Amino acid sequence: MKAKILFPAQCLLGEGPLWHAERNSCFWVDIERGILFEYQWIIKETRTWKFEGRLTMVCPGTANCLILGLNGGIARFDLNTEKLKWILDIESEITGNRCNDAKCDISGRLWIGTMDMAFKPGAASLYCIDKNLSKQKKLSNLTISNGMGWTADNKRMYFIDSPTQSVQSYSFDPINGDILFEKNAVHIPEEMGTPDGMCIDREGMLWVAHWGGFGVYRWNPLNGGLLEKIEIPVPHVTSCAFAGENLDHLIITTARGDLNDDELKKYPESGNVFFLKMEVRGTEPNTCIF
């Protein structure tokens, strides 16, 4: 399978693709340039907003708002007024750390990970934030906290700490948000790139973006087997999400910031956002309750 260009974003570090059903559009961010993109699915028009510093992720919020990750914390962005309101510090006190990937669980809690910008091993953590803005550290001693996903019955959570080359499986309690490590569900050989962002389809299979792997790969977390690959004509594939009215398209973000001039000439579409019509469907993202 080969994907086509959805929008020539030319992101330094495209990330965080998100389908927003109410607006019939998809969002993503360019982390390094602090840009939020909105691609309107039907009319095929794109809007952008620029923020100070790095913009690391976007999640759906209530009342036509988005929850954004900005360097050391999270903020609420009102799409009607275009006003930004700071919500909570995450690790702003740790010099060199920033927020990274994030998703909401079925109860509306925000799960957000961090990373050291020099990729210092063990410097990152994964946090869970509830409706009262209570912040609880769920995992520590991470390096690059990345993709997340939950099974349809919400009894299991999958999580990626990129340098481990694996997708970890945790038992998950949707009532109180407790997690317990089960196993490394998928191991990704280094020659296939490094696991980055991730989403899950309605069959419970994982779609993992491989940084340095020229594609999005579908993995079976029950037996660790590789099922198929979506080919992307750029090396650094960062994340993916199901989109469209029927959630039967996959949108895929990529990056160009780590490539030199010769590599950019060889892979000029790096940083663009790609899409592909799928045979399997995904599910709508959960909404943050704060």
N64-L133 pseudo-label distance in nm [points 7 Å out on the Cα-to-Cβ vector]: 2.3 nm
q = 0.14, 0.17, 0.20 Å⁻¹: log10 I(q)/I(0) that the Debye formula gives for segment 186-246, counting C-alpha atoms only: -0.35, -0.51, -0.70
Spin-label pair N260/T95, simplified geometry with 7 Å Cα→Cβ offset, distance in nm: 3.1 nm
Across K2/K83; K135/K229; K183/K229; K44/K83, pairs whose alpha-carbon gap is larger than 27 Å: K2/K83; K135/K229
Peptide ranges 57-66, 149-158 listed from the most packed, as the mean C-beta count within 10 angstrom indicates: 57-66, 149-158
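Which of the peptides 284-290, 95-101 is most tightly packed, and how do the rest follow, judged by the mean count of other Cβ atoms within 10 Å per residue? Can you show the working numbers first?
Details: 284-290: 17.4, 95-101: 20.4.
Taking the mean over residues of other Cβ atoms within 10 Å, the ranking is 95-101, 284-290.
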Computed FRET value (nearest 0.05) for V280 with K120, which takes r as the C-beta separation and R₀ as 35 Å: 0.40
Burial ranking of peptide ranges 269-282, 229-242 (average Cβ count within 10 Å, highest at the top): 229-242, 269-282
Size-normalised alpha-carbon gyration radius of segment 65-195, reference 2.2 N^0.38 Å: 1.07
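Short version: what are the Cα gyration tensor semi-axes of segment 92-156, square root of 5 times each eigenvalue, largest first, in whole Å? Intermediate results must be reported in sequence, preceding the final value.
Values: eigenvalues 101, 37, 15 Å².
Computed over segment 92-156, the values are 22, 14, 9 Å.
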About the Cα centre, charge dipole magnitude for the chain (Lys/Arg +1, Asp/Glu -1 at Cβ), debye: 360 debye
Pairwise FRET efficiency - I5 versus T151, Cβ, R0 = 35 Å, nearest 0.05: 0.65
The chain: relative contact order in percent, alpha carbon pairs under 8 Å with at least 6 residues between: 19 percent
Pair L227, T46: separation of 7 Å Cα→Cβ label points (nm): 2.9 nm
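Each value in this text was obtained by applying a stated rule to the coordinates, not by laboratory testing. Remember, it's a predicted structure, so these values are computed and weren't measured experimentally. Because the Cβ atoms are built from the backbone with ideal geometry, glycine has one as well, and the counts that use them run over all protein chains shown.
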